[in-house]
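Notes follow the structure.
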Amino acid sequence: MSGIHWEDAEQLAIQYPETFTRPGPKRLAALREGDLAKVCTCNERFWCEITAREGVHFTARVDNELQHTAEHGISLDDIVQFEERHIYQALLKQENTSEPTYR
């Protein structure tokens, strides 16, 4: 799925350091297949399960129902690609004792 305009969480953290936080470099570096990353497009934030990583580039499956599919064209279970700078939150699989899902 190409042509998606992802919001840049890294830039927002620089612009608004007092009110906006995102995962630190160590946490982002730890993300692997099976972990969850929250991204944003068209003012809708949602979780994706990482299926592959190559450097700062991720491939992931959308892991929750979305409200604004008509605006951005993304739906549950779609495969998307984004960069590390687009990640708002991260949940490592080892931190979650139950099956990670946000559906």
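Within the range 13-50, the set of residues being over 23 Å from Gly73 (Cβ atoms), surrounded by 14 or more Cβ atoms within 10 Å (Cβ to Cβ) and not basic (Lys, Arg) comprises Ala13, Pro23, Leu28, Leu31, Asp35.
Results for (1) more than 23 Å from Gln94 (Cβ to Cβ); (2) outside any strand (DSSP E or B); (3) of a type in the set (S, T, N, Q); (4) under 15 Å from the mean Cα position of the chain (by Cα), shown as yes or no for each residue.
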| residue | (1), (2), (3), (4) |
| --- | --- |
| Gly3 | yes, yes, no, no |
| Leu12 | yes, yes, no, yes |
| Arg32 | no, yes, no, yes |
| Ala52 | no, no, no, yes |
| Ile74 | yes, yes, no, yes |
| Asp77 | yes, yes, no, yes |
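Taking the range 14-25 as the range and being assigned to a helix (DSSP H, G or I) and within 13 Å of Gln89 (Cα to Cα) as the test, only Pro25 passes. Restricting to the range 34-50, name every residue that is within 19 Å of Gln94 (Cα to Cα) and in a strand (DSSP E or B). If the condition is that a residue be within 19 Å of Gln94 (Cα to Cα) and in a strand (DSSP E or B), then Leu36, Ala37, Lys38, Trp47, Cys48, Glu49, Ile50 are the ones that fit. For the range 52-100, the set of residues classified as among the aliphatic types (A, V, I, L, M), surrounded by fewer than 12 Cβ atoms within 10 Å (Cβ to Cβ) and at pLDDT 95 or above is empty.
Pairs are defined by a Cβ separation below 6 Å, a sequence spacing of at least 6 or placement on different chains, a first member in the range 67-86 that is among the β-branched types (Val, Ile, Thr), and a second member that is modelled with pLDDT under 95; the pairs so defined are Val80/Met1.
The values are calculated or read from the model by the stated rules, or taken from the named source; none is laboratory data. Just so you know, these numbers come straight off a predicted model, no measurement behind them. Note that each Cβ is placed from the backbone with ideal geometry, even for glycine, and that neighbours are counted across all protein chains shown.
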